[in-house]
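Taking it in order: structure first as structure tokens, then the write-up.
The values are calculated or read from the model by the stated rules, or taken from the named source; none is laboratory data. Small disclaimer: the values here were computed from a predicted structure and weren't measured. Ideal geometry is used to build each Cβ from the backbone, glycine not excepted, and the neighbour counts take in all protein chains shown. Please note that ligands, DNA and RNA were not included when accessible areas were found on the heavy atoms of the full protein model with its side chains. Shrake-Rupley method; radii C 1.70, N 1.55, O 1.52, S 1.80 Å.
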Amino acid sequence: MEFAHDELPANNLERLPISDPADKVDLRVGVINLVTKHPEADKLLLLSVDVGEGAQSTAAERRYRTIVSGLADYYSPEQLTGKMIVLFANLKPRNLRGIESQGMLLAA
């Protein structure tokens, strides 16, 4: 469908709703406090990640998430323990080989 130039609204772009996909992403920084190997998968690690309010938060304020990650071929549990990571926190939990993963590690 074609319109003559004078038929188009003057501010056509201003009337369109613009949604930024980045508004839907919830990235959080967390500290890995415990890493174990997955009992049923050689390539998976189970990470317990503190996504609390930081070092000054009390134990009751800390929030831990279990993240199942495919990093076993690249890192040992000792190499990851204590590291700060970025994770996607608003993903729907998924069962990976019988363990619920409550986020996804962002790695480069």
Any idea which of (1) farther than 16 Å from residue 86 by Cβ; (2) modelled with pLDDT of 95 or more; (3) not small (Gly, Ala, Ser) is the one residue 47 doesn't satisfy? (1)
Can you name the residue in the range 65-87 that is assigned to a loop (DSSP other than H, G, I, E, B) and within 14 Å of residue 30 (Cα to Cα) and is also most open to solvent (accessible area, probe 1.4 Å) among such residues? 83
Name the single residue, out of those in the range 9-44 being at pLDDT 90 or above and β-branched (Val, Ile, Thr), that is surrounded by the fewest Cβ atoms within 10 Å (Cβ to Cβ). 36
